[in-house]
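Colleague: Submitted below is the structure of interest, expressed as structure tokens.
Derivation of every value follows stated rules applied to the coordinates shown; laboratory data play no part. What you are looking at is a predicted structure, and each value in this text was computed from that prediction instead of being measured. Note: ideal-geometry Cβ built from the backbone for every residue, glycine included; neighbour counts use all protein chains shown.
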Amino acid sequence: MPEGEVITFYSKPGCHLCDEGFEKVEAIAGRFRLAVTKVDILSHPDLQLRHGERIPVVEFGGEVLCWGRISEKRLERELRKRLRSEQP
């Protein structure tokens, strides 16, 4: 798997789904040797407009993979598809 790729996790403070989701994303990212960047949408007005209450949002390669209650199985499946498609 390619190293150096990043999963972006959009969240905001006080969001219980974000706290639960971040733990899941970190665990899955570790299995794929991917980094996770956590972004507080309250610090970015454009992200607040884009994501609003639809958080947490997990993005990889510029695509939203999932949002809301994070499903580990779905996220893992989506990452496998995208990482497979990047291989030559």
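Colleague: Would you mind checking the tilt of helix 72-86 against the longest principal axis of the Cα atoms of the chain, expressed as 0 to 90 degrees and rounded to 10?
Modeller: Here the helix axis deviates by roughly 50 degrees.
Colleague: Which trypsin sites (Lys or Arg not before Pro) does the stretch 1-76 hold that lie in a coil by DSSP with at most 14 other beta carbons within 10 Å?
Modeller: ARG33, ARG54, ARG69
Colleague: Okay, moving on. Can you give the local net charge around PRO13? Use residues other than it whose beta-carbon is closer than 10 angstrom to its beta-carbon, Lys and Arg +1, Asp and Glu -1.
Modeller: Charge balance near PRO13 sits at -1.
Colleague: Sort by residue number and name the cysteines in the chain that have no neighbouring cysteine Cβ under 4.7 Å.
Modeller: CYS66
Colleague: Along its three principal axes, how long is the chain when you only count alpha carbons? Whole Å, largest extent first please.
Modeller: Each principal axis gives a Cα extent; for the chain these are 38, 23, 18 Å.
Colleague: Then there is this: Quote the relative contact order of the chain in percent (integer), defining contacts as alpha-carbon pairs under 8 Å separated by 6+ residues.
Modeller: Relative contact order of the chain: 34 percent.
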